[in-house]
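For reference, the structure is listed below as structure tokens.
The values are calculated or read from the model by the stated rules, or taken from the named source; none is laboratory data. Nothing here was measured: the structure is a model prediction, and the numbers come from that model. With ideal geometry, Cβ positions are generated from the backbone for all residues, glycine too; neighbour counts draw on all protein chains shown.
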Amino acid sequence: MKIDEIENIELKFLDLDDYQELKAAMISAYASMPGSYWKEEHIKSLINKFPEGQVVIKINGQIAGVALSIIVDYDAFDDNHTYEQITGKYTFDTHNNEGDVLYGIEVFIKPSFRGLRLGRRLYDYRKELCEKLNLKSIVFGGRMPNYHSHASELSPKEYIAKVRRKEIHDPVLSFQISNDFHPAKVMKGYLDGDKASQDFAILMEWDNIYYQKPNKKAATKKSIVRLGLIQWQMRPYKDLEELLQQAEFFIDSVSGYRSDFALFPEFFNAPLMAGNNHMSTSNAIRELAKHTQAIVQKFSEFSISYNINIISGSMPEMIDGRLYNVGYLCRRDGSMERYEKLHVTPDEAKVWGMQGGTQFKTFDTDCGRIGVLICYDSEFPELSRLLADEGMDILFIPFLTDTQNGYSRVRHCAQARAIENECYVAIAGSVGNLPNVQNMDIQFAQSMVFTPCDFSFPTNGIKAEATPNTEMILIADVDIDLLRELNQFGAVRNLKDRRTDLFELKKK
């Protein structure tokens, strides 16, 4: 049929009254496989069990294409199943409304209607249905109708590779790959009588990036996450209690806006060193380290009482006589985890005798998986890439920089991390001056939230930015689901397109 002959296209649920026309359409679609059509009792069973899964496309009132599906508990089968097994010997008793996978039983376009991209409409409907029902994936056994022409010189695996490289065209497999389905396994003896495919089939899969595993706890998985960044003013404090009062004020403020995270800068507690200015700088910071556990304990209490996850920036900490730059994730459920600065700056090593840490990982929160890199660590792209490989959605970077060029290094590296790792990056620093604290005299900062650069995000990759060198809080919402879409459908896909056949990156 030609496009100019089309008066009406409808996607409709299959009705039993359509059976005779459906049968005729199947016979014409599978002319090379005589007798390949569903009996009326089979169609009646499918419609009764799962009406939403059975759809037809009608053009000018005629059936042009069909898609039939069931829901299965996929763990009840293995990847070597047959068509007969998955359909329960064609009874469809394997359909399970509590299952986790939408299984494709049938898709075809009537020959006289091919070339109109109708198959894409059927696949798009299945994808929307899979997302609507919160199913893990779409799975089906795909035919390779052109394989018989190449079977003498190519194995099924070699044939699939050539189809993917577009060196061979297969009317079914090529179409499925172009619709974001990926081959998972070659199956032998899947469908009786499929001589064109030489009795082979390919297990094809499409993953639902929005799938949420059912949770029996009274909790919800957040898609929109609100970040609260604290651009901290360095000022004199008479004691620890006064500094904690100021910290609580900011936590209260960002919590009042229902933020999910509060991010403090690196060494935000440095003003407490003013009382030790008579000491050497290395001794003064070791005195400062004596306050760390008290601050962490108080922050943990704040995280519970203000119902917010707190990333404590960083503080000096003594472990076995060695000085480290560390921070703590204080979750609102009362749990805590520690992170370390891995790359200390030449100044930190020379002036303070600070050591680089050795442990880094992602952290699970009620708002997804996050990573934390302290200041200089953000300038080493390997670290954030390893965290991205662990499923990081948001990277937090507490920093402290004295000059604008130092800040620019952190700022531009942080934005690069957002693009190359398809994640959000939040940076928070301190502003102002500390004339009575050696080696901490001046600070320059502009706290920001960065995004990837693609159509669903700001064109410049900046979600929000604070006023430079001014004490303030910055509140920004980020959508985790947009990262899932970017990973699958972005204009470029930095994580997917890595040439892992040429290089690899791994932790020691």
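Considering every residue within the range 119-139, establish whether at least one is under 20 Å from residue 27 (Cα atoms) and not basic (Lys, Arg).
Yes: one or more hits.
Kindly indicate the residue of the range 401-428 that is part of a helix (DSSP H, G or I) and among the β-branched types (Val, Ile, Thr) and also farthest from residue 236 (Cα to Cα) among those meeting that condition.
The extreme case among them is 419.
For the range 492-508, indicate whether the set of residues that are outside any strand (DSSP E or B), in contact with a strand residue (DSSP E or B) (Cβ under 8 Å, 6 or more places away or on another chain) and not hydrophobic (A, V, I, L, M, F, W, C) is non-empty.
No, that holds for no residue.
Which residue is farthest from residue 395 (Cα to Cα), if the candidates are limited to the range 324-360 and must be of a type in the set (S, T, N, Q) and in contact (Cβ under 8 Å) with a residue 12 or more places away in the chain?
355
Condition check ((1) more than 30 Å from residue 369 (Cβ to Cβ); (2) crowded, with 19+ Cβ neighbours inside 10 Å; (3) not polar (S, T, N, Q)) across all residues:
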{"site": "126", "(1), (2), (3)": "no, yes, yes"}
{"site": "134", "(1), (2), (3)": "no, no, no"}
{"site": "174", "(1), (2), (3)": "yes, no, no"}
{"site": "211", "(1), (2), (3)": "no, no, yes"}
{"site": "214", "(1), (2), (3)": "no, no, yes"}
{"site": "223", "(1), (2), (3)": "no, no, no"}
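Among the residues in the range 265-273, are any part of a helix (DSSP H, G or I), closer than 20 Å to residue 373 by Cα and aliphatic (A, V, I, L, M)?
Yes, because at least one residue in the range 265-273 is part of a helix (DSSP H, G or I), closer than 20 Å to residue 373 by Cα and aliphatic (A, V, I, L, M).
Can you tell me how many residues within the range 71-90 are more than 14 Å from residue 134 (Cα to Cα) and touching a Ser or Thr at 6+ places or on another chain (Cβ under 7 Å)?
Number satisfying all stated conditions: 3.
Taking the residues in the range 81-99 that are in contact with a strand residue (DSSP E or B) (Cβ under 9 Å, 6 or more places away or on another chain) and not in a loop (DSSP other than H, G, I, E, B) as candidates, determine which candidate is surrounded by the most Cβ atoms within 10 Å (Cβ to Cβ).
86
Quick check, is residue 431 assigned to a strand (DSSP E or B), buried (at least 20 other Cβ atoms within 10 Å of the Cβ) and either free of Cβ contacts under 8 Å to residues at least 24 places away in the same chain or within 24 Å of the chain's Cα centre (by Cα) (or both)?
no
Hey, any hits in the range 198-207 for a residue that's closer than 30 Å to residue 448 by Cβ, in contact (Cβ under 8 Å) with a residue 60 or more places away in the chain and either touching a helix residue (DSSP H, G or I) at 6+ places or on another chain (Cβ under 6 Å) or not polar (S, T, N, Q) (or both)?
No, that holds for no residue.
Could you say whether any residue in the range 256-264 is over 25 Å from residue 328 (Cβ atoms) and either among the β-branched types (Val, Ile, Thr) or not assigned by TED's automatic domain parsing to the domain that holds residue 90 (or both)?
Scanning the range 256-264, I find no residue that is over 25 Å from residue 328 (Cβ atoms) and either among the β-branched types (Val, Ile, Thr) or not assigned by TED's automatic domain parsing to the domain that holds residue 90 (or both), so the answer is no.
Working carefully through the options 382, 348, 390, find the one that is more than 18 Å from residue 421 (Cβ to Cβ) and either surrounded by fewer than 15 Cβ atoms within 10 Å (Cβ to Cβ) or in the same structural domain as residue 477 (by TED's automatic domain parsing) (or both).
Testing whether each residue is more than 18 Å from residue 421 (Cβ to Cβ) and either surrounded by fewer than 15 Cβ atoms within 10 Å (Cβ to Cβ) or in the same structural domain as residue 477 (by TED's automatic domain parsing) (or both) leaves just 348.
So which strands (runs of 3 or more DSSP E) stay within the range 100-192 end to end and still have 2 or more residues that are under 19 Å from residue 46 (Cβ atoms) and in the same structural domain as residue 75 (by TED's automatic domain parsing)?
101-109, 137-142
Do you know which residues across the range 368-379 are surrounded by fewer than 22 Cβ atoms within 10 Å (Cβ to Cβ) and either outside any strand (DSSP E or B) or not assigned by TED's automatic domain parsing to the domain that holds residue 266 (or both)?
379 - this is the single residue of the range 368-379 that is surrounded by fewer than 22 Cβ atoms within 10 Å (Cβ to Cβ) and either outside any strand (DSSP E or B) or not assigned by TED's automatic domain parsing to the domain that holds residue 266 (or both).
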